[in-house]
Amino acid sequence: MNDLIILAILSDGPKHGYQLKREAGFILGQRAMHNNLVYPLLRRFTAEGWVSKKAVPGERGQTRLQYAITALGRRELVARLSEFGEADASSVRGFITRVGMFALLEEPVRARILKLREQYLQGREQKITTLRQNMDVGTYGGEVVRYLIEQIHSELAWIRCLHRLDANPKSSRGKIARRKV
């Protein structure tokens with residue numbers, strides 16, 4: 001996921017390494033992504049031709065490296081975001097990451113991702129319900145089961161909302177600005 005997040009942040013425009021670390025950290029719910037994650041990814045992306053780097057003058061007279069995604073990098077990002085199978089559907093982080101970048105994906109890809117997540121959630125609800133029926137989960141276990149089912153229903157409602165956004169692209173909420181890849 002870290003690689004997708006870094007490439008996606010760069011799709012908004014060139015950034016310095018420090019800015020990438022901060023923005024990626026914010027997305028991941030941390031202060032900043034660690035240097036040992038960001039800079040090896042940037043080296044790999046540069047070697048693959050997905051990201052370019054150039055030296056630019058800093059605010060205090062120093063030279064700083066600025067990274068930018070290339071057309072090849074954009075295509076790679078879209079291809080990797082589009083890779084979403086049944087196993088991926090069980091990952092909340094993988095799903096949320098892709099939904100956050102839906103503007104980069106075509107409608108059929110978005111619909112497939114939503115359908116796979118929906119199917120996973122429905123299967124999970126069935127398993128939890130079966131567990132509750134076949135096992136004495138107790139008072140607190142029952143509360144956990146209730147909470148988990150509420151979460152599933154909430155996410156399924158959100159997925160229905162996302163489907164509606166794609167079905168009605170003329171609404172102000174449904175407008176999706178795509179960049180050329």
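The values are calculated or read from the model by the stated rules, or taken from the named source; none is laboratory data. Since we're looking at a predicted model, the values are computed, not measured. Note that each Cβ is placed from the backbone with ideal geometry, even for glycine, and that neighbours are counted across all protein chains shown. For the accessible areas, the whole protein counts, side chains as well, though only heavy atoms, and no ligand, DNA or RNA atoms are used. Shrake-Rupley method; radii C 1.70, N 1.55, O 1.52, S 1.80 Å.
Just one of the listed residues (Gly61, Gly138) is modelled with pLDDT of 90 or more, out of contact with any Gly (no Cβ under 7 Å at 6 or more places or on another chain) and of a type in the set (Gly, Ala, Ser), namely Gly138. Exactly one condition in (1) buried (at least 16 other Cβ atoms within 10 Å of the Cβ); (2) within 18 Å of Asn2 (Cα to Cα) is false for His16; which is it? Failed condition: (1). Among the residues of segment 62-89, the ones that are more than 30 Å from His16 (Cβ to Cβ) and open to solvent by 60 Å² or more (accessible area, probe 1.4 Å) come to 3 in all. Out of curiosity, is Val109 closer than 30 Å to Leu162 by Cβ and loosely packed, with under 13 Cβ neighbours inside 10 Å? Taking the combined requirement at face value, the residue does not satisfy it.
Ala47 meets the conditions (1) open to solvent by 70 Å² or more (accessible area, probe 1.4 Å); (2) in contact with a helix residue (DSSP H, G or I) (Cβ under 9 Å, 6 or more places away or on another chain); (3) at pLDDT 95 or above in every case but one. The failed one is (2).
Given the structure, is Gly25 in a loop (DSSP other than H, G, I, E, B) and either of a type in the set (A, V, I, L, M, F, W, C) or open to solvent by less than 70 Å² (accessible area, probe 1.4 Å) (or both)? So that I can check it myself, show each step before the final result.
Working: in a loop (DSSP other than H, G, I, E, B): no; either of a type in the set (A, V, I, L, M, F, W, C) or open to solvent by less than 70 Å² (accessible area, probe 1.4 Å) (or both): yes.
Taking the combined requirement at face value, the residue does not satisfy it.
Taking the numbered list (1) open to solvent by 30 Å² or more (accessible area, probe 1.4 Å); (2) not in a helix (DSSP H, G or I) in turn, Leu37 passes all entries but (2).
Restricted to segment 159-173, and to residues that are part of a helix (DSSP H, G or I) and open to solvent by 80 Å² or more (accessible area, probe 1.4 Å), which residue is modelled with the lowest pLDDT? Show your work before the answer.
The first filter runs over segment 159-173 and keeps only residues part of a helix (DSSP H, G or I), leaving 159-167.
Checking the rest, the ones that are also open to solvent by 80 Å² or more (accessible area, probe 1.4 Å) come to 160, 164, 167.
On the way: Arg160: 96, Arg164: 93, Ala167: 83.
Residue satisfying both the conditions and the ranking: Ala167.
Just one of the listed residues (Ala87, Ala68, Ala47) is free of Cβ contacts under 8 Å to residues at least 60 places away in the same chain and in contact with a Pro (Cβ under 6 Å, 6 or more places away or on another chain), namely Ala68.
When we screen Ser11, Ser52 for residues that are touching a helix residue (DSSP H, G or I) at 6+ places or on another chain (Cβ under 9 Å), open to solvent by less than 80 Å² (accessible area, probe 1.4 Å) and under 30 Å from Cys161 (Cα atoms), the only hit is Ser11.
For segment 111-126, indicate whether the set of residues that are touching a residue at least 60 places away in the same chain (Cβ under 8 Å) and of a type outside the set (A, V, I, L, M, F, W, C) is non-empty.
So far as segment 111-126 goes, no, none of its residues is touching a residue at least 60 places away in the same chain (Cβ under 8 Å) and of a type outside the set (A, V, I, L, M, F, W, C).
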